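One structure is given below, encoded as structure tokens.
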Amino acid sequence: MGYDADLHALTASAFRIYSISFIFMGFNIFGSGFFTALNNGFISALISFFRTFVFQAACVLLLPLIFGMEGIWFSIVAAELTAFVLTVCCLVRNRTKYGY
């Protein structure tokens with residue numbers, strides 16, 4: 001087994017891009033868990049389903065067409081960012097109902 005400089009460069013670049021998603025990912029997981037704790041399974045499931053399936057599938061299909069290979073790595077960031085917007089909207093919309 002040898003060292004492959006091109007593979008190392010690709011991996012380092014991809015991880016730098018992918019790691020941005022962790023910021024949004026944590027908030028989205030918190031938001032889903034928050035609504036589960038408030039006994040609102042519908043919103044919790046909505047956030048989880050859109051985050052893990054709808055947004056990711058859409059971004060994986062669309063972003064590589066626009067950005068090429070980099071679009072694959074940015075797709076998870078875009079999906080988590082979109083789910084972040086959904087989570088914030090759900091929190092704002094329900095703030096008077098739950099009093100937070």
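General remarks:
- Residue tally, condition over 18 Å from Phe22 (Cβ atoms) and either modelled with pLDDT under 95 or open to solvent by less than 30 Å² (accessible area, probe 1.4 Å) (or both), over region 42-52: 2
- Count - residues of region 77-100 that are modelled with pLDDT under 95 and surrounded by 19 or more Cβ atoms within 10 Å (Cβ to Cβ): 0
- Phe24 of a type in the set (Phe, Trp, Tyr) and open to solvent by less than 60 Å² (accessible area, probe 1.4 Å): yes
- The residue of region 3-21 that is surrounded by the fewest Cβ atoms within 10 Å (Cβ to Cβ), among those that are aromatic (Phe, Trp, Tyr) and over 11 Å from the mean Cα position of the chain (by Cα), is Tyr3.
- Region 53-76 - residue that is aliphatic (A, V, I, L, M) and open to solvent by less than 60 Å² (accessible area, probe 1.4 Å) and, of those, nearest to Ser19 (Cα to Cα): Ile76
- Residue match in region 23-35 (condition: without any contact (Cβ under 8 Å) to a residue 12 or more places away in the chain, more than 19 Å from the chain's Cα centre (by Cα) and part of a helix (DSSP H, G or I)): no
The values are calculated or read from the model by the stated rules, or taken from the named source; none is laboratory data. Because the structure is a prediction, the values reported are computed rather than measured. Note that we place each Cβ from the backbone using ideal geometry, even for glycine, and neighbour counts take in every protein chain shown. Quick note on the areas: whole protein, heavy atoms, side chains included, nothing else; ligands and nucleic acids left out. Shrake-Rupley method; radii C 1.70, N 1.55, O 1.52, S 1.80 Å.
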